[in-house]
Amino acid sequence: MSHSPDCIFCKIIGGEIPSATVYEDEHVVAFMDIGQVTKGHTLLIPKDHQENIFELEEETAAHLFSTAPKIARALRKEFQPKGMNLVNNNGKAASQSVFHYHLHFIPRYDENDGFQ
Ligand code: 5GP
Ligand code: ZN
């Protein structure tokens, strides 16, 4: 399992930075985004440090995406949104700011809930 010492998300995985965990297994962890674009905004990441979709290993992707429906359903149960966006930014030009792969779960409440 690779770990990048200056990566914020590797520090979250290692417990050096606290976070509110939503789901965790051997390969992935999901936790609340510190920014909360909408209520319940969550990030799902691999425990292995892989920068973005261009580096993401297929096996890692397969496991990560296999957990996505249960995370979406758990967030829907908890926060009762009307819908949910799954978003993933890859590369600086695409607004990626943390270079450890992450999938955003953004619960949607109505058209004025803060996310376009
Ligand atoms: P990106 O812009 O790379 O797609 O998303 C990075 C996300 O990481 C942002 O939504 C930002 O709020 C979140 N983030 C950055 N630092 C931390 C942190 O220390 N803890 C948590 N929980 N989220 C963070
Ligand atoms: Zn990392």
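Derivation of every value follows stated rules applied to the coordinates shown; laboratory data play no part. It should be emphasised that the depicted structure is a prediction, and the values quoted were computed from it without experimental measurement. Don't worry about glycine lacking a Cβ; one is built from the backbone with ideal geometry, like all the others, and counts go over all protein chains shown.
Here the stretch 8-108 is assigned +1 on the Cβ of each Lys and Arg and -1 on the Cβ of each Asp and Glu. Its dipole about the Cα centre then comes out at about 740 debye.
When only Cα pairs below 8 angstrom with a gap of at least 6 residues are kept, the stretch 8-108 shows a relative contact order of 31 percent. Phi angles of the stretch 67-80 translate, via the Karplus equation with coefficients 6.51, -1.76, 1.60 and θ = phi - 60°, into HN-Hα couplings of 8, 4, x, 6, 5, 4, 5, 5, 5, 5, 5, 6, 9, 6 Hz per residue; Gly and Pro are given as x.
Electrostatic tally near residue 28: other residues with Cβ closer than 14 Å to its Cβ, Lys and Arg +1, Asp and Glu -1, net -4. Here is the list for the stretch 46-116: GluC sites (Glu not before Pro) lying in DSSP coil, each with at most 16 other C-beta atoms within 10 angstrom of its C-beta, are 51, 55, 57, 111. With neighbour counts taken as other beta-carbon atoms within 10 Å, the residues 19, 95 rank, fewest first, as 95, 19. The C-alpha atoms of the chain occupy a region whose extents along the principal axes are 39, 31, 28 Å, arranged from largest to smallest.
Taking each DSSP H run with n ≥ 4 as -39500 (n - 2.57) and averaging over every residue of the chain yields -8000 deg cm²/dmol at 222 nm.
In order along the stretch 48-54, phi translates into HN-Hα couplings of 7, 6, 10, 4, 6, 4, 6 Hz, rounded to whole numbers, per the Karplus curve 6.51 cos²θ - 1.76 cosθ + 1.60 with θ = phi - 60° and x for Gly and Pro.
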